[in-house]
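Take a look at the structure below.
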């Protein structure tokens, strides 16, 4: 009888190809999770911007009801950016038109980490009409600006 090159007990541990396959699967799963998290975070920031636009819109309508025009209307510091404190991802801009001003346009302009967001800048006017601009060609208003 010839001696076997391995002892009679079973081998312990994993081979290098087995470890590499497990590592590759782990890297793929992490890449998928990070991509999903990034899109979820962008959607969350877009919703925050939409909420800030709605709050600013209501504030402007209250100003108009009290003064019968949008003249002198300004956004409070808490609505000048999204989020209200910390590093901005959207900056709110107000413009009025008419003499005396009877129309306004509010824009949430992307900045910081949202600068490259596919949905572009969000806007609303005094009639409640919502629009997007500077967006990727394959995006629509319904993709980016959820109805309230």
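The values are calculated or read from the model by the stated rules, or taken from the named source; none is laboratory data. Quick caveat, the model's predicted, so the values are computed rather than measured. Note that we place each Cβ from the backbone using ideal geometry, even for glycine, and neighbour counts take in every protein chain shown.
From the set of residues in the range 136-148 that are part of a loop (DSSP other than H, G, I, E, B) and touching a helix residue (DSSP H, G or I) at 6+ places or on another chain (Cβ under 8 Å), which is modelled with the highest pLDDT?
145
For the range 3-26, state whether one or more residues are within 26 Å of the chain's Cα centre (by Cα) and modelled with pLDDT of 85 or more.
Looking through the range 3-26, none of the residues is within 26 Å of the chain's Cα centre (by Cα) and modelled with pLDDT of 85 or more.
Is it true that some residue in the range 116-135 is assigned to a helix (DSSP H, G or I), surrounded by 11 or more Cβ atoms within 10 Å (Cβ to Cβ) and in contact with a helix residue (DSSP H, G or I) (Cβ under 9 Å, 6 or more places away or on another chain)?
no
Given the conditions (1) within 27 Å of residue 144 (Cα to Cα); (2) assigned to a loop (DSSP other than H, G, I, E, B); (3) modelled with pLDDT under 90, and given that residue 36 satisfies all but one, which numbered condition is not satisfied?
The single condition residue 36 does not satisfy is (2).
Filter the range 56-99 down to the residues that are in contact with a helix residue (DSSP H, G or I) (Cβ under 6 Å, 6 or more places away or on another chain) and assigned to a helix (DSSP H, G or I) and list them by number.
56, 79
Just to be sure, is residue 85 within 29 Å of residue 72 (Cα to Cα) and without any contact (Cβ under 8 Å) to a residue 24 or more places away in the chain?
So residue 85 passes the test.
State all residues of the range 102-115 that are in contact with a helix residue (DSSP H, G or I) (Cβ under 9 Å, 6 or more places away or on another chain) and either closer than 24 Å to residue 38 by Cβ or crowded, with 16+ Cβ neighbours inside 10 Å (or both); if no residue qualifies, say none.
Within the range 102-115, 104, 106, 107, 108, 110, 113, 114 meet the criteria.
If you go through the range 98-117, how many residues are under 16 Å from residue 128 (Cβ atoms) and either in contact with a strand residue (DSSP E or B) (Cβ under 6 Å, 6 or more places away or on another chain) or touching a residue at least 60 places away in the same chain (Cβ under 8 Å) (or both)?
The first filter runs over the range 98-117 and keeps only residues under 16 Å from residue 128 (Cβ atoms), leaving 102-108.
When the remaining residues are screened for being either in contact with a strand residue (DSSP E or B) (Cβ under 6 Å, 6 or more places away or on another chain) or touching a residue at least 60 places away in the same chain (Cβ under 8 Å) (or both), the result is 103-108.
Here the count works out to 6.
Does residue 45 meet the test of being touching a strand residue (DSSP E or B) at 6+ places or on another chain (Cβ under 9 Å) and at pLDDT 90 or above?
Working: touching a strand residue (DSSP E or B) at 6+ places or on another chain (Cβ under 9 Å): yes; at pLDDT 90 or above: yes.
Here the answer is yes, as residue 45 does meet what is asked.
Conditions: (1) within 20 Å of residue 44 (Cβ to Cβ); (2) touching a strand residue (DSSP E or B) at 6+ places or on another chain (Cβ under 9 Å); (3) surrounded by 12 or more Cβ atoms within 10 Å (Cβ to Cβ). Residue 140 meets all but one. Number of the miss?
(3)
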